[in-house]
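**Q** Here you go, one structure.
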Amino acid sequence: MQTWKFCPRCGGGLNKVEIDGAQRLRCADGDCGFVYWNNPLPVVAAIIEHEGMMLLVRNVGWPEKLFGLVTGFLEQGEAPRDGVAREVKEELGLDTSHVDLVGLYPFERQNQLIIAFYLRCEGRVVLNDELAEVKRVPRERLRPWPFGTGLAVADWIASLSG
């Protein structure tokens, strides 16, 4: 839950209240009506195929052996398909030639909703300053991890045999 103490609308105090079975922050000023809902943020994730290999990335702040998918927040007014292609372009310099929705995945630990896609991409890989490294993995050696975007990888792999 957010640690705000004052209402961003009127400056009044905030009280913790239960609404629809969840703890929320509500403005103490009855005329204001502000409620901090703390809804999950939409995040796009890319399962990327490039030149016949799957690409995994390591963020600059991650441990050396930890790799995952390119992810990012949607921008205001942006469609998820456009957002995932934009993130791949920004982080890897690649152009997207094909996009398929894999699924939606709650990531409660970060209060996010992951919108995962499979992308085929073209071009030369150029890492931006958010990424430390890219790993190329043969499709048959790609293995999911048991949380977050790994659930999307598991579903995508299962879809290949179906």
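**Q** Being out of contact with any helix residue (DSSP H, G or I) (no Cβ under 6 Å at 6 or more places or on another chain) and closer than 27 Å to residue 144 by Cβ: is that true of residue 82 here?
**A** Against the criterion (out of contact with any helix residue (DSSP H, G or I) (no Cβ under 6 Å at 6 or more places or on another chain) and closer than 27 Å to residue 144 by Cβ), residue 82 qualifies.
**Q** Sticking with this one: Which is exposed (fewer than 13 other Cβ atoms within 10 Å of the Cβ), of a type in the set (D, E, K, R) and touching a Gly at 6+ places or on another chain (Cβ under 7 Å), of 75, 64?
**A** Exactly one of 75, 64 is exposed (fewer than 13 other Cβ atoms within 10 Å of the Cβ), of a type in the set (D, E, K, R) and touching a Gly at 6+ places or on another chain (Cβ under 7 Å), namely 75.
**Q** Can you find a residue in segment 58-71 that is closer than 22 Å to residue 158 by Cα and of a type in the set (D, E, K, R)?
**A** no
**Q** OK, next. Do you know which residues across segment 61-111 are touching a residue at least 24 places away in the same chain (Cβ under 8 Å) and among the small types (Gly, Ala, Ser)?
**A** Across segment 61-111, the qualifying residues are 68, 72, 83, 85, 93, 97, 103.
**Q** Condition first: free of Cβ contacts under 8 Å to residues at least 60 places away in the same chain and in contact with a strand residue (DSSP E or B) (Cβ under 9 Å, 6 or more places away or on another chain). Can you find one or more residues in segment 42-50 that meet it?
**A** No, there is no match, as no residue in segment 42-50 is free of Cβ contacts under 8 Å to residues at least 60 places away in the same chain and in contact with a strand residue (DSSP E or B) (Cβ under 9 Å, 6 or more places away or on another chain).
So that you can scan it fast, the table gives a plain yes or no per residue for (1) of a type outside the set (A, V, I, L, M, F, W, C); (2) at negative phi:
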{"position": "16", "(1), (2)": "yes, yes"}
{"position": "20", "(1), (2)": "yes, no"}
{"position": "33", "(1), (2)": "yes, no"}
{"position": "37", "(1), (2)": "no, yes"}
{"position": "46", "(1), (2)": "no, yes"}
{"position": "52", "(1), (2)": "yes, no"}
{"position": "58", "(1), (2)": "yes, yes"}
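**Q** Restricting to segment 148-162, give me the number of residues that are surrounded by 11 or more Cβ atoms within 10 Å (Cβ to Cβ) and not in a helix (DSSP H, G or I).
**A** Result for segment 148-162: 1.
Each reported figure results from applying straightforward, stated rules to the coordinates on display, with no laboratory input. All figures in this text were calculated on a predicted structure; none of them were measured in a lab. Don't worry about glycine lacking a Cβ; one is built from the backbone with ideal geometry, like all the others, and counts go over all protein chains shown.
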